[in-house]
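In what follows, a single structure is set out as structure tokens and then discussed.
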Amino acid sequence: MRVRICQAGDIAPGAMKSVEPNGVPVLIANVGGAYFAVGDVCSHARSRLSDGYLHEDACTVECPTHNAIFSLQTGEALEFPADEPIPTYGIEIVGDDLYVNLPDD
């Protein structure tokens, strides 16, 4: 299911935004003009990743609680203590609008 999130320009390069389309916590990150959408909940500490740190050079996000690091491209847990991935979602820009593709329930 494709859900409109915001205008693409609303998330500046180097910024993250937390959204909950249809109640699903999603983190949107802009890494040098490329947008990524991943689950906004750490698979280890259950903390909001959007409260953490974006590492643009590595295209990763770091959990604010125990510093677990996740790939924005694959959702893979890259640093202990997390060992489970986070979900990734397709993202599209249509005109000026940013859409996230959520799984159909």
Output the lone cysteines of the chain: those with no second cysteine's C-beta under 4.7 Å from their C-beta. C6, C59
Projected onto the charge dipole of segment 1-104 (+1 at Lys/Arg Cβ, -1 at Asp/Glu Cβ, origin at the Cα centre), which of T88, A58, N101 gives the Cα projection farthest towards the positive end? N101
Taking the alpha carbon gyration tensor of segment 52-105, what are the square roots of 5 times its eigenvalues, largest first, to the nearest whole Å? 24, 14, 9
Give the separation of the Cα centroids, segment 43-75 to segment 1-42, in Å. 14 Å
Per-residue HN-Hα couplings for segment 50-66, Karplus 6.51 cos²θ - 1.76 cosθ + 1.60 at θ = phi - 60°, whole Hz, x for Gly and Pro? 5, 8, x, 10, 8, 10, 4, 4, 10, 6, 9, 10, 10, 5, x, 8, 10
Charge context of F70, other residues only, Cβ under 9 angstrom, K/R +1, D/E -1: -3
Sorted by average packing, counted as other Cβ atoms within 10 angstrom per residue and highest first, what order do 38-47, 55-64, 77-86 take? 38-47, 55-64, 77-86
Amide H partners (placed H, <5 Å) of I91, local residues excluded: N101
Quick one: I69, I93, fewest Cβ neighbours within 10 Å first, how do they rank? I93, I69
Phi-based couplings in Hz for segment 69-74 (Karplus 6.51, -1.76, 1.60; Gly and Pro marked x): 10, 10, 6, 6, 7, 10
In whole percent, what relative contact order does the chain give with Cα contacts below 8 Å and a gap of six or more residues? 27 percent
Could you pull the Rg and Dmax for the chain, using just the Cα atoms, both in Å? 12.7, 40
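Read-outs: derived from the displayed coordinates by stated rules, not from any lab. Quick caveat, the model's predicted, so the values are computed rather than measured. All Cβ positions, glycine included, derive from the backbone under ideal geometry; neighbour counts span all protein chains shown.
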